[in-house]
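Here's the structure, in structure tokens; my notes come after.
What follows draws every value from the coordinates through simple rules; no lab data is involved. Source: prediction; values computed, not measured. For neighbour counting, all protein chains shown are included, and Cβ atoms are generated from backbone atoms with ideal geometry for every residue, glycine included.
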């Protein structure tokens, strides 16, 4: 649980820092912060499933698997946009408008993953409550 909390904490920190950097016009640094926010959230999702991701390749593979598992292709699209921001950190080839839009895509990705976890938690609570209720009746 500590690792998950660390990833989520870093995600929140990087999102805040990216917004500040956008305000300062530092689109290169903002790009990397947005990428970091996306990566940390995907890592948190993986750890919740007992998987530790150790490379960029594993991040991409897990995001793809998660997208398939959830039947949600939007997840792949949003993660791909986050990846372009990571490349921009090294190349500085994206116009400011694309960095800003990419940042919005990262925020959408983070929100999508948070909603998935909330729904999953609610389902688990309902399922457990049903088991307890049934156990009390038999």
Practice prompt. Distance between Cα centroids, region 1-56 to region 58-89: provide it in whole Å.
Written response: 13
Discussion item. What distance in nm separates the two pseudo spin-label positions at residue 29 and residue 2, each 7 Å out from Cα along the beta-carbon direction?
Written reply: 3.1
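With r as the distance between the Cβ atoms of residue 97 and residue 55 and R0 = 35 Å, compute the FRET efficiency 1/(1 + (r/R0)^6) and round to 0.05. It would help to have the intermediate numbers written out before the result.
Details: r = 31 Å, r/R0 = 0.88.
Efficiency, rounded to the nearest 0.05: 0.70.
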Worksheet item: Convex hull over the Cα atoms of region 2-111, averaged projected area in nm²?
Response: 6.3
Item to complete: Please work out the FRET efficiency for the pair residue 90 and residue 114, using the Cβ-Cβ distance as r and a Förster radius of 25 Å; give the result to the nearest 0.05.
Response: 0.30
Response to the item:
Listing 41, 98, 1 by rising number of other beta-carbon atoms within 10 angstrom, fewest first, gives 1, 98, 41
